[in-house]
Amino acid sequence: MSKVLIKSRPALANHAAIRRTGVTIEALPEGTVLHILAHPSAANAQGSQAALAAAGLTLRAVAPGQWFAVKDTVMSDEQIDALAATLKPWADIVDQSHGRVRILISGKKSTKVLAKGTAVDVSLPAFPIGHASTTLIGHISAHLTRISDENFELTVLRGFAESLWDDLARMSIEFS
């Protein structure tokens, strides 16, 4: 048995929020990111959404029958197991908390910054509140969700978080 202890640290721990005129970029807490997988026409979808909401999770659409359920705080293995048991007739859960990082980009200029890096039309009429898309931002694959008029959440694989952060910092520099 190994005596090596693995210490987890937030991927963007050393990155203070970037505050520019009209745009802010900040790392969101590394809480919980669960990948929910179900048949798109599952009969018990509403009951499952109630269970997710009761656990404090917010859904982000990924693809037909797939969602990210996110929360700013860490859920214990026992809590995730209990939720999985509740959802089992309808869906399966894959815990992605260790492998995904969320970044918030907010402010009046957030759409201008994002437009520099993605081909997705992020204007409010084309990309309304609650809408989500998997896209490339520069060369990095990210999951983009509009969470309010001027706020976007980017979910990215942990290994690409710093590169995406650096790209967003460069894309926002004109607003210094």
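How much of the accessible area of the stretch 60-176, in percent, comes from carbon and sulfur atoms when a 1.4 Å probe is used? Present the calculation step by step, with values, prior to reporting the outcome.
Numbers: 3090 of 5640 Å².
For the stretch 60-176, the apolar C and S fraction of the accessible surface comes to 55 percent.
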Taking θ = phi - 60°, what integer Hz values does the Karplus form 6.51 cos²θ - 1.76 cosθ + 1.60 yield along the stretch 66-71, in sequence order, with x for Gly and Pro? 9, 9, 9, 10, 10, 7
Treating the stretch 3-93 as a set of equal point scatterers at the Cα positions, no solvent, please give the Debye-formula log₁₀ I(q)/I(0) at q = 0.13, 0.20, 0.22 Å⁻¹. -0.57, -0.95, -1.06
How large is the convex hull of the C-alpha atoms of the stretch 40-124 per residue, in Å³? 133 Å³
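FRET efficiency for residue 133 and residue 3, Cβ-Cβ distance as r, R0 = 41 Å, nearest 0.05?
0.35
Report the extension gain between residue 72 and residue 85 in nm, rounded to one decimal, defined as 0.36 nm multiplied by the number of residues separating them, less their alpha carbon distance.
Working: separation 13, 0.36 × 13 = 4.68 nm, distance 2.19 nm.
Working it through step by step, the gained length comes to 2.5 nm.
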Probe 1.4 Å, accessible area per residue of the chain, Å²: 54 Å²
Normalise the Debye intensity by I(0) for the chain, one equal point scatterer per Cα, no solvent, then take log10 at q = 0.08, 0.09, 0.15 Å⁻¹ and round to two decimals. -0.27, -0.34, -0.88
Under a no-solvent Debye model with one identical scatterer per Cα of the stretch 112-176, what's log10 I(q)/I(0) at q = 0.27 Å⁻¹? -1.30
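The values are calculated or read from the model by the stated rules, or taken from the named source; none is laboratory data. Just so it is clear, the model here is predicted, and its values are computed rather than measured. As a convention, Cβ positions derive from the backbone with ideal geometry for all residues, glycine included, and neighbour counts pool all protein chains shown. Just the protein is used for accessible areas: all its heavy atoms, side chains included, with ligands, DNA and RNA removed. Shrake-Rupley method; radii C 1.70, N 1.55, O 1.52, S 1.80 Å.
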